[in-house]
Amino acid sequence: MTGPIRQRREGGILEVTIDRPKANAIDLATSRIMGKIFADFRDDDSLRVAIITGAGEKFFCPGWDLKAAAAGDAVDGDYGIGGFGGMQELRDLNKPIIAAINGICCGGGFEIALSTDLILAAEHATFALPEIRSGTVADAASIKLPKRIPYHIAMDMLLTGRWLDVQEAHRWGFVNEILPADKLLDRAWELARLLESGPPLVYAAIKEVVRAAEGDTFQGTMNRITKRQFRTVDVLYSSEDQLEGARAFAEKRDPVWKGR
């Protein structure tokens with residue numbers, strides 16, 4: 001596929017690659033393309049897991065394309081169905097997404113990574129929120145990052161814009177694994193295949209419950225689960241897969257998940 005976003009599909013796995021030389025920055029048009037891609041991924045029952053990465057060896061994504069902004073792209077313009085980068089505000093995105101960070105990951109690119117479920121990073125990857133230096137706010141990161149890592153570390157990144165190497169990122173817990181650059185995508189696909197073989201209805205319930213719990217009390221979320229007020233939980237508890245899991249355990253065999 002030509003254009004700023006490349007796609008590769010194998011079985012139930014979709015690989016999405018940001019490919020906008022020189023730095024994989026995202027303008028409004030690219031963000032709208034990404035929104036359509038991730039909405040289609042969400043709605044395609046044959047797709048189970050996605051990988052997002054960047055082209056080349058230097059940049060994953062630096063976020064917002066400041067050159068496009070200087071040429072007229074409005075910072076509050078139309079980013080498309082899923083908000084900036086296509087997934088941050090995409091409703092009901094209840095499938096696992098893996099970020100394979102192949103280099104510089106900053107600004108809106110870091111916010112995209114924070115919107116995924118697992119982050120793998122190459123040994124040379126670096127992370128920052130440099131918006132403070134360009135007179136704007138890292139809006140999504142300001143909401144998400146203090147909930148993911150210690151508050152004072154998050155505020156350090158937001159207020160100073162300082163860079164973290166991959167070892168520090170791993171230490172604070174927002175990078176799951178550090179890999180040699182030439183092994184990064186191999187490991188992402190290995191992990192994606194593991195997730196592809198898992199129970200999609202359970203994944204969907206996990207993601208919906210986790211999202212809801214971020215803005216609710218423990219008991220409030222538990223009450224919604226037990227009352228089957230989450231759509232994904234209600235579907236799961238009435239599904240063939242729920243029965244299959246119990247049968248497979250009793251019969252000491254691997255379950256066969258059908259997603260229904």
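The values are calculated or read from the model by the stated rules, or taken from the named source; none is laboratory data. Just so it is clear, the structure is predicted and the values come from calculations on it, not from any experiment. A quick note on method: Cβ atoms are made from the backbone with ideal geometry, for glycine too, and the neighbour counts reach across all protein chains shown. Areas reflect the complete protein model, heavy atoms only, side chains present, ligands, DNA and RNA absent. Shrake-Rupley method; radii C 1.70, N 1.55, O 1.52, S 1.80 Å.
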TODO: Quote the relative contact order of segment 115-193 in percent (integer), defining contacts as alpha-carbon pairs under 8 Å separated by 6+ residues.
DONE: 45
Open item on the list: Using a probe radius of 1.4 Å on heavy atoms only, what accessible surface per residue do you get for segment 121-222? Whole Å² is fine.
Closed with: 54
Open item on the list: Explain nothing, just compute: Karplus ³J(HN,Hα) = 6.51 cos²θ - 1.76 cosθ + 1.60, θ = phi - 60°, for every residue of segment 97-108 in order, whole Hz, x for Gly and Pro.
Closed with: 10, 10, 9, 10, 8, 9, x, 5, 9, 9, x, x
- [ ] Stick to the Cα atoms of segment 37-166, pair each with every other, and give me the Kirkwood hydrodynamic radius in Å at one decimal.
- [x] 15.3
Task: Ellipsoid semi-axes in whole angstrom, largest first, where each is sqrt(5λ) of the Cα gyration tensor of the chain - done: 32, 21, 19
Open item on the list: Restricting to Cα pairs below 8 Å that are 6+ residues apart, what does the relative contact order work out to for segment 15-92? Please round to a whole percent.
Closed with: 48
- [ ] Set the Förster radius R0 to 25 Å, insert the Cβ-Cβ distance between GLU244 and GLU10 as r into 1/(1 + (r/R0)^6), and round the FRET efficiency to 0.05.
- [x] 0.50
Open item on the list: Rolling a 1.4 angstrom probe over the protein chains, ignoring ligands and nucleic acids, what is the accessible area of THR116 in square angstrom, nearest 10?
Closed with: 20
Open item on the list: Ignoring everything except DSSP H segments at least 4 long, calculate the 222 nm mean residue ellipticity for the chain; use -39,500 (n - 2.57) per segment, divide by total residues, nearest 500.
Closed with: -12500 deg cm²/dmol
Task: For a label point 7 Å along the Cα-to-beta-carbon line of ASP44, residues of segment 2-23 with backbone N under 19 Å - done: 2-19
Open item on the list: Based on the alpha carbons, how large is the Rg to Rh ratio for segment 121-172 when Rh follows Kirkwood?
Closed with: 0.96
TODO: Can you pull a Stokes-Einstein diffusion coefficient for segment 119-207 at 20 °C (1.002 mPa s), Rh from Kirkwood over Cα pairs, as a whole number of µm²/s?
DONE: 144
Task: Along principal axes, Cα extents of segment 81-138, largest first, whole Å - done: 34, 29, 11
Open item on the list: In the chain, if the dipole is taken from +1 on Lys/Arg beta carbons and -1 on Asp/Glu beta carbons about the Cα centre, which of GLY12, VAL137, THR221 is farthest to the positive end?
Closed with: THR221
Task: Around LYS183: net Lys/Arg minus Asp/Glu count, Cβ-Cβ under 11 Å - done: -4
Task: Spin-label model distance (nm) - LYS227 vs GLU168, 7 Å beyond Cα toward Cβ - done: 4.5
- [ ] Could you pull out every residue, at least 5 positions away or on a different chain, whose amide H is within less than 5 Å of the one on GLU123? Hs are placed 1.01 Å off N in the peptide plane, and Pro or chain starts have none.
- [x] LEU179, ALA181
- [ ] State, as an integer percentage, the relative contact order of segment 1-135 based on alpha-carbon contacts under 8 Å between residues 6 or more apart.
- [x] 25
TODO: Compute the distance in nm between two label points, each set 7 Å from the Cα along the Cα-to-Cβ direction, one at ALA212 and one at ARG91.
DONE: 1.5
Open item on the list: Order 91-97, 46-52 from most to least packed using the mean count of other Cβ atoms within 10 Å.
Closed with: 46-52, 91-97
Open item on the list: Please list, in order along segment 170-182, the HN-Hα scalar couplings obtained from phi with the Karplus expression 6.51 cos²θ - 1.76 cosθ + 1.60 (θ = phi - 60°), rounded to whole Hz, x for Gly and Pro.
Closed with: 5, 4, 7, x, 9, 10, 6, 9, 10, 9, x, 4, 6
Task: Residue of ILE18, ILE149, ILE98 that the Gaussian network model of the chain assigns the largest fluctuation, springs spanning Cα pairs under 10 Å - done: ILE149
Open item on the list: Of the candidates MET222, MET155, MET34, which one comes out as most mobile in a Gaussian network treatment of the chain with C-alpha springs shorter than 10 Å?
Closed with: MET222
Task: Added length on full extension, which subtracts the Cα-Cα distance from 0.36 nm per residue, ARG253 to MET155 - done: 30.5 nm
TODO: For segment 113-211, run through the GluC sites (Glu not before Pro) and keep only the ones in DSSP coil with at most 14 other Cβ atoms within 10 Å of their Cβ.
DONE: GLU123
TODO: Helix by helix through the chain, keep the DSSP H runs that span 20 Å or more along the axis on Cα and average at least 0.5 on Kyte-Doolittle, and give those back in order.
DONE: 200-214
